[in-house]
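The following block contains the structure, expressed as structure tokens.
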Amino acid sequence: MATTDIGVAEQASRRQTRRLKRQDRAFYWLAWGSAALVVALLLGILLSLLWESLPSISTFGLPFLWHERWSPAKHIFGAAAPIYGTLMTSLIAMVIAVPTSFGIAMFLTEICPKPLRRPIGTAIELLAGIPSIIYGLWGFFVLAPIMQHHVQPFLLNTFGDLPVIGFLFSGAPYGIGMLTAGLVLSIMILPFITSVTRDVFETVPVMLRESAYGMGMTTWEVVRRIIIPYTRLGLVGGVMLGLGRALGETMAVTFVIGNSHRIAASLLAPGTTISASIANEFAEADGKLYTSALVELGLILFVISFTVLALAKWLIGRTESY
Amino acid sequence: MTAHNPITRRRYRRNRIAMVFSIIATGMGLLILAAILGELLWQGVGGLNMKVFTEVTPPPGADGGLSNAIYGSIMLTLVGIAIAAPIGLLAGTYLSEYARGSKIGEAAKFINDVLLSAPSIIVGLFINAILVVPFGTFSAWSGAVALAVIALPVINRTTQDMLALVPNTLREAAAALGAPRWKVLVFIVWRAAKSGILTGMLLAVARISGETAPLLFTSFGNQFWSTNMSQPMANLPVVIYQFAMSPYSEWQRLAWVGALLITAAILFLNILARTLAARSR
């Protein structure tokens, strides 16, 4: 009898081991499947955009990229205006946001008294949490009137007659337009760039910083000669991350861009961006070609922002591995 | 202390300019935050009343509330997070625990990071193509899935980061006691990283509850009270967008009220997540 008892016990233990192994395998595949799903999602987005934009690609070919005319009634579509608008508003946003973010990061890491550091840092980061539609709403109701009545007339009067850059500031003060959109975008990406910049500034070893101060360098010299060179790659990465945001941002821009498919020389003129065109027109687009042209715009945006983000990640990754 | 050496004087002057610039930059950042929040409070609180919570969105020119949009936003966010949370948690666990150091794992992490900051309007286009066009109608389901696609990489990433903080000795101790791998992960590693993972999920909720672009062509909007997930459903962001751009002052008032509600909810979630993260440390 004793032998069978051992047999039974052993069998039970083996069964349990098998069950645990099965559970282990099941959990592994569940986790694997979830991770694979994330990868599949990116591929799925890319393929779906490609597939949906095929009619437009086969109709217009490459010239789609540089043709400006956008005429749904005549089934003629060109992406030049939205592409220009996307790049231009992002450029304006970067020109404003990058120095400001560096200034804030410098303040937070080098100048700010210790007890104020956390509250101010938190406040700036809360700015990042506010959804983009709020920025759009604020830009539309608060910033645009200020631009129309004060800033743009001032720009027109001051710079409008200058020989080289005058054309950038011509036309009528509409309030909305490229410059206003760029401004709202700059406010939006400011916290992103600031928090990355602050984080990489803090990776500078204290020893290095203190030695520099010890040699009698001023704060600005420490930032300019020690901190910026040390964190160069990370800084560029942070800037690119902000650029990625700016390129793809929809709602903040849609409110204040004016949605006009024309490339105007003046920064004060209304324009459009890729995301604003899609947001404004996709739901009402009738006809396969119209929809397809809008999806192709999306594809272009995806490729641009993918490149920028991939570059940003790569650069940030290289600083972290020091 | 005054320096007479001209070079030193120039250095100090430059330093002062940089300091002043840096302080002005910070001041401007804070000023804008205050301006936005102030305007929201000013315009939003003025329009706030009980009707906002009890009546549905009005036709042009009439009086009404936002109850259907509030309900819709809560539903879309909850369903979205319910879809994204388990998948994100498991995916993060795989990438952080099983695929540590492997080439494919690194590539998957990279793809997730790209997805994390992909333009949200593209997610809207994608979900529109796979869940709206085939069924022939905008639906709350598609909106929730679109939000899930936005939340998934956020949860995935925070899970990876949080699991990486769990000391290896814990895993080894549990494994030495004979616990199978999945039990080590679920009962030891997840539990150790619980508050961090929860913080990530709260941040994901905060992120998706204000998203507008992915909902424009998925959940769309609905003027009436609807609880049917297979039909278009009103939601705060899209209502804010439509009402703000309209010429009707009543609609514009409701847009500000909606904006105030969303911002208040998101700031609350952010602060909650922060306190949670601070406590766990």
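What follows is calculated from the coordinates using simple rules that are stated; it is not laboratory data. Everything numeric in this text was worked out from a predicted model, so none of it was measured. Counting neighbours? That spans all protein chains shown, and the Cβs are built from the backbone with ideal geometry, glycine included.
Quick one: dipole size for the range A:165-225, taken about the Cα centre, charges +1 on Lys/Arg Cβ and -1 on Asp/Glu Cβ, in debye to the nearest 20. Could you put the intermediate results ahead of the total?
Details: 4 positive and 4 negative charges, 21 e Å.
The calculated dipole for the range A:165-225 is roughly 100 debye.
Gaussian network model of chain B, Cα springs within a sub-10 Å range: biggest mean-square fluctuation belongs to which of B:ALA118, B:ALA62, B:ALA18?
B:ALA18
Run through every distinct alpha carbon pair of the range A:1-152 and return the Kirkwood hydrodynamic radius in angstroms, one decimal place. Numbers along the way, then the final one.
Values: mean 1/r = 0.0429 Å⁻¹.
It is 23.3 Å.
Oh, and also: Could you line up B:ARG274, B:ARG16, A:ARG245 from fewest to most neighbouring Cβ atoms inside 10 Å?
Ascending Cβ contact count within 10 Å gives the list B:ARG16, B:ARG274, A:ARG245.
Could you estimate the translational diffusion coefficient of the range B:187-264 from the Stokes-Einstein equation, with Rh from the Kirkwood formula over C-alpha pairs, at 37 °C and 0.692 mPa s, in whole µm²/s? List each step's numbers first, then the result.
On the way: Rh = 14.6 Å.
The calculation lands on 226 µm²/s.
Compare A:VAL222, A:VAL253, A:VAL196 in a GNM of chain A, Cα atoms joined below 10 Å, and give the one with the largest fluctuation.
Its mean-square fluctuation being the largest, the pick is A:VAL222.
Take A:ARG232 and A:ALA73, extend 7 Å from each Cα along the Cα→Cβ direction, and tell me the distance between the two endpoints in nm.
5.5 nm
Quick one: give the max-minus-min coordinate of the C-alpha atoms of the range A:137-255 along each principal axis, largest first, in Å.
55, 34, 23
Using a/c under 1.5 as the rounded threshold, could you call the range A:99-162 rounded, prolate or oblate? The axes a ≥ b ≥ c are square roots of the C-alpha gyration tensor eigenvalues, and prolate needs a/b larger than b/c, oblate otherwise. Working shown, then result.
Working: a/c = 3.75, a/b = 1.67, b/c = 2.24.
It is oblate, given that a/c is not under 1.5 and a/b is not larger than b/c.
Oh, and also: Which residue, chosen from A:LEU241, A:ALA181, A:VAL196, occupies the Cα position most advanced towards the positive end of the dipole of the range A:181-248, where the dipole is computed from +1 (Lys, Arg) and -1 (Asp, Glu) charges on Cβ about the Cα centre?
Going by the charge dipole, the pick is A:ALA181.
Between A:LEU62 and B:ILE271, what FRET efficiency follows from the Cβ-Cβ distance if R0 is 45 Å, with the result rounded to 0.05? Present the calculation step by step, with values, prior to reporting the outcome.
Working: r = 50 Å, r/R0 = 1.11.
Here the calculated transfer efficiency is 0.35.
Further question on the same structure: Can you work out ³J(HN,Hα) from phi for every residue in the range B:132-143, in order, using Karplus 6.51 cos²θ - 1.76 cosθ + 1.60 and θ = phi - 60°, giving whole Hz and x for Gly and Pro?
Those phi angles translate into 9, 4, x, 8, x, 8, 4, 8, 5, 4, 5, x Hz.
If you consider only alpha-carbon coordinates, what radius of gyration and Dmax does the range B:185-226 have, in Å?
Using the Cα atoms of the range B:185-226, the pair Rg, Dmax is 16.5, 48 Å.
Let me ask something else. Given the convex hull of the Cα atoms of the range B:140-281, what is a quarter of its surface area in nm²?
On the way: hull surface 42.0 nm².
Average of the hull's projected areas for the range B:140-281 equals 10.5 nm².
Then there's this: Measure out, as a whole number of angstrom, how far apart the alpha-carbon centroids of the range B:67-120 and the range A:259-322 sit.
23 Å
Now a separate question. Looking at the square roots a ≥ b ≥ c of the eigenvalues of the Cα gyration tensor of chain B, which shape do they give, rounded for a/c under 1.5, prolate if a/b is larger than b/c, or oblate? Provide the component values of the computation, followed by the final result.
Details: a/c = 2.11, a/b = 1.07, b/c = 1.98.
Oblate.
Continuing with this model, one more query. Sum up the charges of everything whose Cβ sits under 13 Å from the Cβ of A:LEU294, counting Lys and Arg as +1 and Asp and Glu as -1, but leave A:LEU294 out.
Around A:LEU294, the surrounding residues sum to -4.
Using a Gaussian network model of chain B whose springs link C-alpha atoms within less than 10 Å, name the residue from B:VAL56, B:VAL184, B:VAL257 with the highest mean-square fluctuation.
For chain B, modelled as a Gaussian network with Cα springs under 10 Å, the answer is B:VAL184.
Okay, moving on. What does the helix-only formula give at 222 nm for the protein assembly as shown: each DSSP H stretch with n ≥ 4 adding -39500 (n - 2.57), the total divided by the residues, and the result rounded to the nearest 500 deg cm²/dmol? Please list the in-between numbers first.
On the way: 21 runs with 401 residues, N = 603.
Result for the protein assembly as shown, helices only: -22500 deg cm²/dmol.
For the protein assembly as shown, take the convex hull of the Cα atoms, compute a quarter of its surface area, and give me that in nm², please.
Values: hull surface 142.6 nm².
Result: 35.7 nm².
Between A:HIS150 and A:VAL8, what length in nm is gained on full extension when 0.36 nm per residue of separation is reduced by their alpha carbon distance?
The A:HIS150-A:VAL8 span can extend by a further 42.1 nm.
Using Cα pairs closer than 8 Å and at least 6 residues apart in sequence, work out the relative contact order for chain B, in percent.
On the way: 376 pairs, mean separation 72.6, N = 281.
Contact order relative to length: 26 percent.
Where the Cα atoms of the range B:1-94 are projected onto their three principal axes, how long is each span, largest first, in whole Å?
On the principal axes, the range B:1-94 reaches 73, 51, 21 Å in Cα extent.
Taking 8 Å as the Cα distance limit and 6 or more residues as the minimum spacing, I'd like the relative contact order of the range B:93-195 as a percentage. Provide the component values of the computation, followed by the final result.
On the way: 56 pairs, mean separation 29.4, N = 103.
After rounding, I find 29 percent.
Given 20 °C and 1.002 mPa s, compute D for the range B:70-192 with the Stokes-Einstein relation, Rh being the Kirkwood radius over Cα pairs; round to the nearest whole µm²/s.
Values: Rh = 16.0 Å.
Calculated translational D: 134 µm²/s.
Note down the nm distance, to one decimal, between modelled labels 7 Å out along Cα→Cβ at A:ARG15 and at B:ARG13.
Once both label points are built, they end up 9.1 nm from each other.
Express the Stokes-Einstein translational diffusion coefficient of chain A in µm² s⁻¹, to the nearest whole number, given a Kirkwood radius over alpha-carbon pairs, 4 °C and a viscosity of 1.567 mPa s. List each step's numbers first, then the result.
Details: Rh = 23.2 Å.
Answer from the Stokes-Einstein relation: 56 µm²/s.
Using modelled amide H (1.01 Å from N, peptide plane; none on Pro or chain starts), what sits under 5 Å from the amide H of A:ILE76, excluding residues fewer than 5 places away?
So A:ILE76 has HN proximity to A:SER71.
After finding the eigenvalues of the alpha carbon gyration tensor for the range A:163-232, what semi-axes result from the square roots of 5 times each, listed largest first in whole Å? Present the calculation step by step, with values, prior to reporting the outcome.
Values: eigenvalues 309, 55, 13 Å².
In descending order the semi-axes read 39, 17, 8 Å.
Next question, about the same structure. So what are the ³J(HN,Hα) numbers for the range B:66-74, from phi and the Karplus equation (6.51, -1.76, 1.60; θ = phi - 60°), rounded to whole Hz, Gly and Pro as x?
10, 4, 5, 6, 5, 4, x, 4, 5
Using 7 Å Cα-to-Cβ label points, what is the B:PHE224/A:LEU91 separation (nm, one decimal)?
5.1 nm
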